[in-house]
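The values are calculated or read from the model by the stated rules, or taken from the named source; none is laboratory data. Computed from a predicted model, the values in this text were never measured in an experiment. Don't worry about glycine lacking a Cβ; one is built from the backbone with ideal geometry, like all the others, and counts go over all protein chains shown. The area values use the complete protein model at the heavy-atom level, side chains included, leaving out ligands, DNA and RNA. Shrake-Rupley method; radii C 1.70, N 1.55, O 1.52, S 1.80 Å.
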Amino acid sequence: MEIKEQVDIHKLPQHIAIIMDGNGRWAESQGEFRSFGHEMGVLSIKDVIEGCVEIGVKYLTVYAFSTENWNRPVEEVNALMELLVTTINNEAETLKQNKIRLNAIGNISSLPQKCIDELNETMRETSLNSNCTLTLALSYSAKWEITEAAKKIAAKVQNNELNLEAINEDTFAKELSTADMPDPELMIRTSGEHRISNFMLWQIAYTEFYFTDKLWPDFRKEDLFEAIVDYQKRERRFGKTSQQLN
Ligand code: FPP
């Protein structure tokens, strides 16, 4: 049976988060510049979002550029920013046709102005789409996001808009950039690395992890389906016992 047919569409994760890793190694193994790996990585994002739409996954969040990635050689950072602009430009029509909403999380104001403009335009044009939400984490780090949320809450308390006693997990989560989406049930990391690298630390409290040795440019929707099938075999207990669940 084909892997897609093995996916139980009644037990789909609503939200899948991906740490796309291995673009550089993939390119170097082909004797190419690292930026070629990022270009090929875009094809993987396209295929995976197509897979999400085919089976009905509502939220896909991809770690496209971390706060720490600013420390990479300036040529690579520039190539990634260029790629972001051209990709959004090239794909805006496809996003619209397939009713995909584009979203971004992270310190967006730190990006070059043309990235901000391109993102804002396409996010505005796709804001009412409801087939699937594709979120790009850009200049993102979870510790930054959590610190920003703490600052917003502190300001509300200071301005008497919020009582100290009223702060709880829900009020806190509402100040995160992911406030309008469910927490990911499944997180995938490619390239054989078993790390979280400062990604969605609050949101992954009960997320299932799936690691694969495949490098991101080799990852396709079939690999996504395989990860989902693996996830569906697991028992999510949320701290309870197996007997309690049955
Ligand atoms: C990790 O591979 C990947 C990144 C840091 C960037 C991911 C970006 C893309 C796939 C394309 C750009 C995104 C959009 C939305 C246009 P790595 O470079 O860390 O690989 P390595 O670990 O082998 O060095």
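Go over the candidates LEU224, LEU215 one by one and state the one that is within 16 Å of the ligand (Cβ to nearest atom), at pLDDT 95 or above and more than 25 Å from GLU68 (Cα to Cα).
Step by step, each of LEU224, LEU215 is checked, and only LEU224 is within 16 Å of the ligand (Cβ to nearest atom), at pLDDT 95 or above and more than 25 Å from GLU68 (Cα to Cα).
Yes or no, residue by residue, for (1) farther than 14 Å from ASN23 by Cβ; (2) touching an Asp or Glu at 6+ places or on another chain (Cβ under 9 Å):
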site: LEU43; (1), (2): no, no
site: GLU50; (1), (2): yes, no
site: ARG72; (1), (2): no, no
site: VAL85; (1), (2): yes, yes
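Looking at (1) in contact (Cβ under 8 Å) with a residue 12 or more places away in the chain; (2) out of contact with any Cys (no Cβ under 7 Å at 6 or more places or on another chain); (3) within 16 Å of the ligand (Cβ to nearest atom), which is the one condition that is false for ILE116?
Against the list (1) in contact (Cβ under 8 Å) with a residue 12 or more places away in the chain; (2) out of contact with any Cys (no Cβ under 7 Å at 6 or more places or on another chain); (3) within 16 Å of the ligand (Cβ to nearest atom), ILE116 comes up short only on (1).
Any idea which of ALA104, ALA149, ALA142, ALA155 is open to solvent by less than 50 Å² (accessible area, probe 1.4 Å) and in contact (Cβ under 8 Å) with a residue 60 or more places away in the chain?
Of ALA104, ALA149, ALA142, ALA155, the one residue that is open to solvent by less than 50 Å² (accessible area, probe 1.4 Å) and in contact (Cβ under 8 Å) with a residue 60 or more places away in the chain is ALA142.
Does SER130 satisfy the condition of being open to solvent by 50 Å² or more (accessible area, probe 1.4 Å) and within 18 Å of the chain's Cα centre (by Cα)?
Considered against the rule, which asks whether it is open to solvent by 50 Å² or more (accessible area, probe 1.4 Å) and within 18 Å of the chain's Cα centre (by Cα), SER130 comes out as yes.
Report, by residue number, each residue of segment 44-99 that is within 15 Å of the ligand (Cβ to nearest atom), outside any helix (DSSP H, G or I) and of a type in the set (A, V, I, L, M, F, W, C).
Passing the criteria: LEU60, VAL62, ALA64, PHE65.
Name the one entry in GLU175, GLU148, GLU121, GLU161 that is away from the ligand (no atom under 14 Å from the Cβ), touching a helix residue (DSSP H, G or I) at 6+ places or on another chain (Cβ under 7 Å) and among the acidic types (Asp, Glu).
Testing whether each residue is away from the ligand (no atom under 14 Å from the Cβ), touching a helix residue (DSSP H, G or I) at 6+ places or on another chain (Cβ under 7 Å) and among the acidic types (Asp, Glu) leaves just GLU175.
Are any residues in segment 1-29 under 23 Å from ASN90 (Cβ atoms) and open to solvent by 10 Å² or more (accessible area, probe 1.4 Å), and if so, which ones?
The answer is MET20, ASN23, TRP26.
Does segment 173-194 include one or more residues that are surrounded by 15 or more Cβ atoms within 10 Å (Cβ to Cβ), on the phi < 0 side of the Ramachandran plot and without any contact (Cβ under 8 Å) to a residue 60 or more places away in the chain?
yes
Taking segment 205-246, which residues are of a type in the set (Lys, Arg) and either within 25 Å of VAL53 (Cβ to Cβ) or open to solvent by less than 60 Å² (accessible area, probe 1.4 Å) (or both)?
LYS214, ARG220, LYS221, LYS233, ARG234, ARG236
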